[in-house]
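As structure tokens, the structure follows; a few thoughts come after it.
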Amino acid sequence: MALPRGATKEIEPRVIADPEVVRGEILAARQAGRRVGFVPTMGSLHAGHVSLVDRAADACDEVAVSIFVNPTQFGPGEDFERYPRDLTADLAMLAGQNVRWVYAPAAETIYPLGHATRIVVDGPARRFEGEARRSHFSGVATVVCRLFHDVPADVAYFGAKDWQQTIVVKRLVADLGLPIEIIVCPTVREPDGLAMSSRNVYLTVAERQQAVGLSESLRLAEVLWEDGLSPEEVANDMKKHLRSRGIAVDYAAVVDAETLGPAVDPAPAVALVAGRFGTTRLIDNCLLPGRDDQGPSIGWDL
Ligand code: AMP
């Protein structure tokens, strides 16, 4: 029997690989008046992913999580092969989280033999991650569109950790008129500030220490932004800090939080950073409040 919203009885998620089955179950739940929340992931779940599931469970009657390491969002020579995969550990992370369905399709399901269709994204997908990883956002948009079809939820939850991705996904939903609401949730961090990421397991002890420089550079950006420095000045000081930590900087920039174009006073901006640690590449960001905003810093908390 369906539980009322907020009920605490634990449920075991049903693991489904068949898109027709998961779609049928979700449509049936919605027809029965249940609000369904969806958290798309690539697995290797950590507390950041669980925070999205929590948020979905708070606001919805049912929660679906997808676990799919999407090959098309990895470029040649990237970490697709070594990306951590452990469904048993992922299911253990989701135990007691009130997740009804885990959709874990095979690669051949999402990309059937002879597949030839890709979504092309432009605008906010062009710079930063789009420049460093040429077909990345096309792969993201393609899989997200397919997942939204297979899991026709009311609302989907994404992490602010991948800020540019949230902008690209919102653009995709608006441009294709996809019938789903997008909610962006705050970045969950380790105690020293490093943003949680499935890729953190690649870091050596020394790289792990160095990697905290990313969030340090964002804290610096918050302070300098509040002091009234220009986007370029803030970005330059971020780069200086990152380099002083020995980090190979892919980019550090302050741009408009919604368009990712030039930051325009008094609209909120975002500081974006990407760095390389040996063979591992990590990204992070923080929102910077509009300059006439008298309220508290929106910092890590959106
Ligand atoms: P991924 O499995 O890396 O594709 O991430 C799945 C979702 O979890 C995406 O919406 C990410 O932005 C989100 N996510 C990843 N890391 C974090 C984090 N540290 N805090 C909050 N959300 C996160």
Open item on the list: As a test of understanding, state the convex hull volume per residue of the chain from its alpha carbons, in Å³.
Closed with: 140
TODO: For the range 14-185, count all C-alpha to C-alpha pairs, find those more than 21 Å apart, and express that count as a whole percent of the total.
DONE: 46
Open item on the list: So, R0 is 35 Å and r is the distance between the beta-carbons of Ala95 and Glu181; what FRET efficiency does that work out to, to 0.05?
Closed with: 0.80
TODO: Can you pull the one-decimal nm distance between simple spin-label points at Arg85 and Glu190, each 7 Å off the Cα toward Cβ?
DONE: 2.6
TODO: Can you tell me the FRET efficiency between Asp58 and Thr279 if r is taken as the Cβ-Cβ distance and R0 is 45 Å, rounded to the nearest 0.05?
DONE: 0.75
- [ ] Kindly work out what percent of the DSSP beta bridges joining two residues of the chain are antiparallel, to the nearest 5.
- [x] 50
Task: Nearest-ten-degree value, helix 136-150 long axis tilted from longest Cα axis of the chain - done: 30
Task: Set of the range 186-211 residues, backbone N closer than 19 Å to the point 7 Å along the Cα-Cβ line of Ala248 - done: 199-211
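So what is the calculated 222 nm ellipticity per residue for the chain, using -39500 (n - 2.57) for each DSSP H run with n of 4 or more, over all residues, to the nearest 500 deg cm²/dmol?
Dividing the helical sum by the residues of the chain leaves -11000 deg cm²/dmol.
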TODO: Among Val36, Val234, Val212, determine the one that fluctuates most according to a GNM of the chain built with springs between C-alpha atoms less than 10 Å apart.
DONE: Val212
Open item on the list: Under 5 Å between amide hydrogens, which residues at least 5 positions from Met196 or on another chain qualify, with H placed 1.01 Å from N in the peptide plane?
Closed with: Val188, Arg189, Glu190
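Rank the residues Leu113, Leu282, Leu178 as a footprinting-exposure proxy: fewest other Cβ atoms within 10 Å of their Cβ go first.
Working: Leu113 5, Leu282 21, Leu178 17.
Ranking Leu113, Leu282, Leu178 by Cβ neighbours within 10 Å, fewest first, gives Leu113, Leu178, Leu282.
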Task: Acute angle (nearest 10 degrees) that the helix 19-31 long axis makes with the longest principal axis of the chain, alpha-carbon atoms - done: 90
Task: Gain in span if fully extended, Ala132 to Glu10, counting 0.36 nm per residue against the direct Cα distance - done: 39.7 nm
TODO: Kindly give the semi-axes, whole Å and largest first, of the ellipsoid equivalent to the range 57-159, taking each as the square root of 5 times a Cα gyration tensor eigenvalue.
DONE: 25, 17, 15
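Read-outs: derived from the displayed coordinates by stated rules, not from any lab. Keep in mind that this is a model prediction, so the values were computed, not measured. In this analysis, Cβ positions are derived from the backbone assuming ideal geometry, glycine residues included, and neighbour counts consider all displayed protein chains.
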